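Below is one structure, written out as structure tokens; the observations come after it.
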Amino acid sequence: MVSRVWTDAARRKRLHSTPEKDQRKPFEVDRDRIQYSSALHRLAGVTQIVRVGEADVFHTRQQHTYKVAQVGRRLAQNCVDADPKLAKKLGVEVEVVEAACLAHDLGHPPFGHAGEAKLDELVEERGDPDGFEGNAQTFRILTKLGVRYPDCLGLDLTRATLSACLKYPWTRDPTKPERSSKWGAYKVDQADFDFARKYQDHAFQTTEAALMDWADDIAYSVHDLEDFHRVGAIPWNHILNEGSQDIIHKTHDVWFGAPSEALAQLNEGFDRLALVLNTTFSVLLNTSYEGSREQRVALRSLTSFLIGRFLTAAKLTEEGNGLHIPLDTLVEVKLLKQIAKQYIISNPSLIAQQLGQKKVIAELFNILWENSEKGCPKFLPVRLRYIWEIGEGQRARFAADCIASLTEHEVMALHGRLCGLSGGSVLDPIVR
């Protein structure tokens, strides 16, 4: 096992140690600060997969976050109850895991992964090799952009919670494939990153971060499919019959670092999922979804069954990051995620929508960039002006920070006003 020498005192340490005493324990304070942050409130207006406002049936990023937090809390509780001594040794606190789950998507910009990819491209084009990454932006919000106290930046969280929020505990490194597409902090935030990882002399996630990561995978693999089943977008009969090998092989193709037995395991995992669907939940496959009580009960039962199956399979271990996910469980989650990707994320209508969203992001970014050469743009909404001072003149990072602080409605309103598409009223703030 990798040595973990940090003490309880080191885990509870805050970088700024803002004095505030109440009835709560330190990690409970962290959880509540994130719960009440404006960054979490913003996620109600940010895409999960389908554009916010498309239909009430789809999860917003905030709804997804709350479900990840619930799964993460139950997951951590189950692991602690199963092996309390090892949980203590690894440093597993239920409140920390839930806090990290609540924080895990704070950095996602408007329009989800489409907005994230476009901002990464734009920031790099303007000379900042760190680009833009939702997870790194989350860390920046927690340590720099979050607003809580007058005398320090960020939410002033404990070291343990900041470490648990680092799903990818490294900065960007173009020479390493695993660190060039996903990273947990920008180099401009290196000091905060070093504080969070001071007692981690390895490249593994902390065990609490691994629990958050697995909770996210569980929620993503189950809840998004639930949404799209309701609107009839999942062709289950095709998937479970002639489309099975296509799903299996595409899951294998995108599995980074897949073990040698991965393909065989994916075939077996698909058979297990098909058996569950064809026997216990056949009512979902044989009738179009109309929202009948019987269908709703079956869908809720399937969701509960899968979450319980994936949650209870996870066990603490003294190896690696401290969390063991059996391979047969891992492949089932990967298969479900691939179904969502293949039949939803690859939908031509969604792709067309995302092209338009990327255009809005690009035009707004360029306006912010071009008008910040001599200082903070005079048209910038009051709520965003403090970001200029935090950015220390780094115009690309400033533009990205501004956009990533907005909901999708706010982005469209600001873009419309600045591009002359919507006049608005001089008495009405663009962004409140």
Would you please name the residue that is nearest to residue 390 (Cα to Cα), looking only at residues in segment 114-143 that are acidic (Asp, Glu) and open to solvent by 40 Å² or more (accessible area, probe 1.4 Å)? 124
Quick check on segment 201-212. Is at least one of its residues of a type in the set (S, T, N, Q), out of contact with any Gly (no Cβ under 8 Å at 6 or more places or on another chain) and surrounded by fewer than 23 Cβ atoms within 10 Å (Cβ to Cβ)? no
Identify all residues within segment 31-80 that are modelled with pLDDT under 95, of a type in the set (Val, Ile, Thr) and outside any loop (DSSP other than H, G, I, E, B); write none if there are none. 47, 60
Tally time: how many residues in segment 220-234 are in a loop (DSSP other than H, G, I, E, B) and either surrounded by fewer than 20 Cβ atoms within 10 Å (Cβ to Cβ) or under 23 Å from the mean Cα position of the chain (by Cα) (or both)? 3
Filter segment 144-158 down to residues that are open to solvent by 10 Å² or more (accessible area, probe 1.4 Å), closer than 29 Å to residue 7 by Cβ and of a type outside the set (Gly, Ala, Ser), then give me how many there are. 6
Test: residue in segment 243-256 that is within 21 Å of residue 345 (Cα to Cα), of a type in the set (Phe, Trp, Tyr) and open to solvent by 40 Å² or more (accessible area, probe 1.4 Å): yes
Can you tell me how many residues within segment 313-329 are within 22 Å of the chain's Cα centre (by Cα) and open to solvent by 70 Å² or more (accessible area, probe 1.4 Å)? 1
If residue 110 passes every condition in (1) part of a helix (DSSP H, G or I); (2) open to solvent by less than 10 Å² (accessible area, probe 1.4 Å); (3) of a type outside the set (Gly, Ala, Ser) but one, which one does it miss? (1)
Condition broken by residue 321, with the remaining ones in (1) part of a helix (DSSP H, G or I); (2) in contact with a Phe, Trp or Tyr (Cβ under 9 Å, 6 or more places away or on another chain) satisfied: (1)
Kindly check whether there is at least one residue in segment 148-165 that is assigned to a helix (DSSP H, G or I), over 24 Å from residue 20 (Cβ atoms), under 16 Å from the mean Cα position of the chain (by Cα) and not aromatic (Phe, Trp, Tyr). no
Picking from 300, 309, 293, which residue would you name as being of a type in the set (Lys, Arg), at pLDDT 95 or above and open to solvent by 30 Å² or more (accessible area, probe 1.4 Å)? 309
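The values are calculated or read from the model by the stated rules, or taken from the named source; none is laboratory data. In this text, all values refer to a predicted model and were calculated from it rather than measured experimentally. Every residue, glycine as well, gets a Cβ built from its backbone with ideal geometry; the counts of neighbours run over all protein chains shown. Only protein heavy atoms, including side chains, enter the accessible area calculation; ligands, DNA and RNA are left aside. Shrake-Rupley method; radii C 1.70, N 1.55, O 1.52, S 1.80 Å.
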